[in-house]
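Below is one structure, written out as structure tokens; comments come after it.
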Amino acid sequence: MAATASRTTPFSSPSSSSHPTFPKRIARSTLPLSHQTFIKPNHALKIKCSISKPPSPPATTTTAAPATSEPFVSRFASAEPRKGSDILVEALERLGVTNVFAYPGGASMEIHQALTRSSTIRNVLPRHEQGGIFAAEGYARSSGLPGVCIATSGPGATNLVSGLADALMDSVPVVAITGQVPRRMIGTDAFQETPIVEVTRSITKHNYLILDVDDIPRIVAEAFFVATSGRPGPVLIDIPKDVQQQLAVPNWDEPINLPGYLARLPRPPTEAQLEHIVRLITEAQKPVLYVGGGSLNSSDELRRFVELTGIPVASTLMGLGTYPIGDEYSLQMLGMHGTVYANYAVDNSDLLLAFGVRFDDRVTGKLEAFASRAKIVHIDIDSAEIGKNKQAHVSVCADLKLALQGINMILEKKRVGGGKLDLGGWREEINVQKHKFPLGYKTFQDAISPQHAIEVLDELTNGDAIVSTGVGQHQMWAAQFYKYKRPRQWLTSGGLGAMGFGLPAAIGAAVANPGAVVVDIDGDGSFIMNVQELATIRVENLPVKILLLNNQHLGMVVQWEDRFYKSNRAHTYLGDPSSENEIFPNMLKFAEACGIPAARVTKKEELRAEIQKMLDTPGPYLLDVIVPHQEHVLPMIPSNGSFKDVITEGDGRTRY
């Protein structure tokens, strides 16, 4: 007889108090997907909520999805026993999963065998489990659908840790499935045993250890629902090998049972709340929008709001693309490396509309000085973010899409036949700053400025490419100098800042968006951390273009050394000290080893032609762009500084 399921679950029992036990999360960027059906399931998603007087499902969450295609046809007869691994794979199929990023091992072999029997799920084989979960993130970030990755027990599972932490920080819907040692061996320090549920408890939205094969259909459905509803995040499912091998007849009609979680999902905003916000907007003389990752699914509503009001828009790193960078009302990015005029606008505003943001330290700097003159309106889907870092004058815990729809309706009623708010003087004041402090950079004779390389890429792709990055200077330049037009065009590790993210994220984006131009703008330090994924790109023949800004250094750390440590180099040179005139390692050899065409460019006059060749070459391509390590990312507000501390001049050629 199968063991009773023992799951690490935060959900309250039907008889629990009105305070559910779902843990309050901390410090995460927001990316609500709750209004969106993430899949096209072939069966209705059933939800059982047995608390007394069950609340009606909030409008912010899709709790049932009617079938939109023909009924699902199983490979098995309805009463035919099949392995737990086959039940797992069929559960994924029924939820509409078509791509997974899975690396096999002893404890997950059964799952891979089952995947070979699936006619609808494609496995994109990464060359490292971290590459697999970063690829799943790239898939999710670029498509809005949940990304799925699979790894074996022990080191395979622990290799997922950085990706899980990254997905939680940036609110990315990922379902990670790990094999585990057989149930009888759990807790015995068996070969490749790691208590991955315990290891990942604080870096997942929720996780499960399946101890009963009959629980697989329900738990998989719950995992996808939790990952994509409310504030999205990663969910881990750990499955012992003997459960994968156990025979059972699945019950596909068992409802998910999440009473505590459902009770905590935010309700639609009230009309009184929205009327109050509109009143503040109409009274403001210097309003500014501060939008983040939680706005990605509300782009149309945000654009309409700006049409109605004419309020300028400053974006966080995670919110780039929510509002078109090239629009006249865009202030581009704010924060530590944001534009002077975006930070000026926030510093001088009298109303700050903080939509889908978490007041991250890289945005605010010194909290007490951030928007100190402004009334603050904070709308976010996660109650844990309300008042966590910065106290708002008006706060609404709700789906931003619904809130903006309501605000726009009120504005349209109040301003029938009227124009935008009278903000001409405020916009002119900001335009003075735009002309005084435009984004720019200095030249290095005939050497290639990294900012120039990104500008050329933007021009040649017409700003339409999906761009992924690693972490460091190249990441900030890609945020500053590529003109993003739409949401989900910009993929980067924001909260965690995980180097090595760019290349595998580009893989996921290419899988999710066949036919799209996908470019990994990377640095040599980040690129080499997951360079093995070149093999995946070649084998899958993914048309990923790699623009490698190679300065032979850990550029961002070098910049801080220049500014704050008198240019003392502390292990930030990545080349060969015995041969500093040579480029080391030779990135072209990595590409050659994987059969990927590659070239190197060192002179400015050759850059445009080489980037065009990269874009014109079918399939993958690596362009190694040699750039000077003395360049700095500017503007820069030092950590815990304020707008008055902004740095706009200098680079590594200057002594500080």
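The values are calculated or read from the model by the stated rules, or taken from the named source; none is laboratory data. Only a predicted model underlies this, so the values are computations on that prediction, with no experimental measurement involved. A quick note on method: Cβ atoms are made from the backbone with ideal geometry, for glycine too, and the neighbour counts reach across all protein chains shown. Heads up: the accessible areas ignore ligands, DNA and RNA and are worked out on the full protein's heavy atoms, side chains in. Shrake-Rupley method; radii C 1.70, N 1.55, O 1.52, S 1.80 Å.
Quick notes on this structure:
- Qualifying position, being out of contact with any strand residue (DSSP E or B) (no Cβ under 7 Å at 6 or more places or on another chain), hydrophobic (A, V, I, L, M, F, W, C) and surrounded by 24 or more Cβ atoms within 10 Å (Cβ to Cβ), among Val243, Val235: Val243
- Helices (runs of 4 or more DSSP H) (entirely within segment 127-216) containing at least 1 residues that are crowded, with 23+ Cβ neighbours inside 10 Å and in contact with a Phe, Trp or Tyr (Cβ under 7 Å, 6 or more places away or on another chain): 129-143, 155-158, 161-169
- Scanning segment 217-226 turns up no residue that is modelled with pLDDT of 95 or more and open to solvent by 30 Å² or more (accessible area, probe 1.4 Å).
- Enumeration of residues in segment 617-656 that are open to solvent by less than 10 Å² (accessible area, probe 1.4 Å) and of a type in the set (Gly, Ala, Ser): Gly641
- Some residue of segment 576-597 being under 30 Å from Ala342 (Cα atoms), among the aliphatic types (A, V, I, L, M), open to solvent by 60 Å² or more (accessible area, probe 1.4 Å) and outside any loop (DSSP other than H, G, I, E, B): no
- Ala77 meets all of the listed conditions (1) open to solvent by less than 80 Å² (accessible area, probe 1.4 Å); (2) modelled with pLDDT of 90 or more; (3) in contact with a helix residue (DSSP H, G or I) (Cβ under 9 Å, 6 or more places away or on another chain) but one, namely (3).
- Residue match in segment 408-415 (condition: touching a strand residue (DSSP E or B) at 6+ places or on another chain (Cβ under 9 Å) and either of a type outside the set (S, T, N, Q) or open to solvent by 40 Å² or more (accessible area, probe 1.4 Å) (or both)): no
- Trp560, sole failed condition from (1) part of a helix (DSSP H, G or I); (2) among the hydrophobic types (A, V, I, L, M, F, W, C); (3) without any contact (Cβ under 8 Å) to a residue 40 or more places away in the chain; (4) touching a Ser or Thr at 6+ places or on another chain (Cβ under 8 Å): (4)
- Consider segment 434-457 and keep the residues that are touching a strand residue (DSSP E or B) at 6+ places or on another chain (Cβ under 9 Å) and in a helix (DSSP H, G or I). The one that is farthest from Phe481 (Cα to Cα) is Lys434.
- Considering segment 598-616, the residues that are in contact with a helix residue (DSSP H, G or I) (Cβ under 8 Å, 6 or more places away or on another chain) and without any contact (Cβ under 8 Å) to a residue 40 or more places away in the chain include one that is least open to solvent (accessible area, probe 1.4 Å), namely Ala599.
- Of the residues making up segment 324-376, those that are within 20 Å of Ala284 (Cβ to Cβ), part of a strand (DSSP E or B) and of a type outside the set (Ser, Thr, Tyr) are Leu331, Leu351, Leu352, Leu353, Ala354, Phe355, Lys375, Ile376.
- Any chance Leu622 is in contact with a Cys (Cβ under 6 Å, 6 or more places away or on another chain) and either in contact (Cβ under 8 Å) with a residue 40 or more places away in the chain or assigned by the TED database to the domain that holds Pro487 (or both): no
- Restricting attention to segment 288-322, the residues that are open to solvent by less than 20 Å² (accessible area, probe 1.4 Å) and either of a type in the set (Asp, Glu) or part of a loop (DSSP other than H, G, I, E, B) (or both) total 9.
- So Asn348, is it out of contact with any Pro (no Cβ under 7 Å at 6 or more places or on another chain), touching a residue at least 40 places away in the same chain (Cβ under 8 Å) and open to solvent by less than 20 Å² (accessible area, probe 1.4 Å): no
- The combined condition, being of a type outside the set (D, E, K, R) and closer than 30 Å to Leu160 by Cα, is fulfilled by Leu503.
- When Val377, Val340 are checked against the criterion of being open to solvent by less than 50 Å² (accessible area, probe 1.4 Å), touching a Phe, Trp or Tyr at 6+ places or on another chain (Cβ under 6 Å) and at pLDDT 95 or above, Val340 stands alone in meeting it.
- The listed residues are Thr228, Thr270, and the only one of them that is under 30 Å from Ala403 (Cα atoms), of a type in the set (Val, Ile, Thr) and within 21 Å of the chain's Cα centre (by Cα) turns out to be Thr228.
- Tally, over segment 550-568, of residues that are within 20 Å of Ala599 (Cβ to Cβ) and open to solvent by less than 10 Å² (accessible area, probe 1.4 Å): 1
- Residue match in segment 485-500 (condition: modelled with pLDDT under 95 and more than 18 Å from Gly523 (Cβ to Cβ)): no
- Where Gly230 falls short, out of the listed (1) in a helix (DSSP H, G or I); (2) in the same structural domain as Ala165 (by the TED database); (3) among the small types (Gly, Ala, Ser): (1)
- Members of segment 101-122 found to be open to solvent by 20 Å² or more (accessible area, probe 1.4 Å), among the polar types (S, T, N, Q) and part of a helix (DSSP H, G or I), listed by number: Gln113, Thr116
- Here the condition is being of a type in the set (A, V, I, L, M) and either within 25 Å of Glu455 (Cβ to Cβ) or at pLDDT below 95 (or both); of Val291, Val306, it holds for Val291 alone.
- Any hit, segment 206-217, residues being in contact with a Pro (Cβ under 7 Å, 6 or more places away or on another chain) and hydroxyl-bearing (Ser, Thr, Tyr): no
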